[in-house]
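Read through the structure below, which is laid out as structure tokens, and then see the notes.
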Amino acid sequence: MSDLFKAMADPGRLKILLALAGQEMCVCDLAALLGVSESAASHQIRILRTMNLVKNRREGQVLYYRLVDDHVTQLAQVARDHVLELTQG
């Protein structure tokens with residue numbers, strides 16, 4: 001469980017997970033979102049794939065990434081709600 005939270009604790013990986021909660025994306029789109037190189041984005045995605053948080057599908061030469069399931073989105077939403085409660089209360 002600590003490895004899961006460690007993977008989600010990195011701001012770049014968290015942005016990737018939140019972006020993928022809305023739609024599939026390729027590495028080039030994720031790199032643009034993060035403002036990093038495609039190589040740097042690929043490295044972060046590799047970590048998320050190792051943790052079984054994201055999976056991919058190939059369309060021609062392009063790999064599209066998506067969340068494995070809704071649990072990741074639920075974890076992020078619960079954490080966000082908790083932080084909002086702390087800052088507002």
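Going highest first, how would you order 47-55, 3-11 by mean Cβ packing within 10 Å?
Highest mean packing first, the order is 47-55, 3-11.
Please list, ordered by chain and number, the residues whose modelled amide H lies under 5 Å from the amide H of VAL68; skip anything fewer than 5 residues away on the same chain.
Those qualifying (amide H under 5 Å, at least 5 residues apart or on another chain) are VAL54, LYS55.
How do THR87, THR73 rank when sorted from fewest to most other Cβ atoms within 10 Å of their own Cβ?
In order of increasing Cβ crowding within 10 Å: THR87, THR73.
How big is D, in µm² s⁻¹, for the range 45-89 by Stokes-Einstein at 37 °C and 0.692 mPa s if Rh is the Kirkwood radius over C-alpha pairs?
Numbers: Rh = 12.4 Å.
The diffusion coefficient I find is 266 µm²/s.
Determine ³J(HN,Hα), in whole Hz, for all residues of the range 25-38 in sequence, where each value follows from phi through the Karplus function 6.51 cos²θ - 1.76 cosθ + 1.60 and θ = phi - 60°; x replaces Gly and Pro.
8, 8, 4, 5, 5, 5, 4, 5, 4, 7, x, 10, 6, 4
I need the phi-derived Karplus couplings for the range 57-68: 6.51 cos²θ - 1.76 cosθ + 1.60, θ = phi - 60°, integer Hz, Gly and Pro marked x.
9, 9, 10, x, 9, 9, 9, 10, 10, 8, 5, 5
Order by neighbour count: SER37, SER42, SER2, fewest other Cβ atoms within 10 Å first, most last.
Starting with the residue having the fewest Cβ neighbours, the order is SER2, SER37, SER42.
Apply the Karplus parameterisation 6.51 cos²θ - 1.76 cosθ + 1.60, with θ equal to phi minus 60°, to every residue of the range 4-18 and state each ³J(HN,Hα) to the nearest whole Hz, in sequence, with x for glycine and proline.
4, 5, 5, 5, 7, 6, 5, x, x, 5, 5, 4, 4, 4, 5
If amide hydrogens are placed 1.01 Å from N in the peptide plane, which non-local residues have theirs closer than 5 Å to the one on MET51?
none
Would you mind computing Rg(Cα) / (2.2 N^0.38 Å) for the chain, counting N as its residues?
It is 1.11.
No lab work stands behind these numbers, since they all come straight from the coordinates. Quick caveat: nothing in here was measured; it's all calculated off a predicted structure. Please note: Cβ atoms are built from the backbone with ideal geometry, for glycine as well, and neighbour counts cover all protein chains shown.
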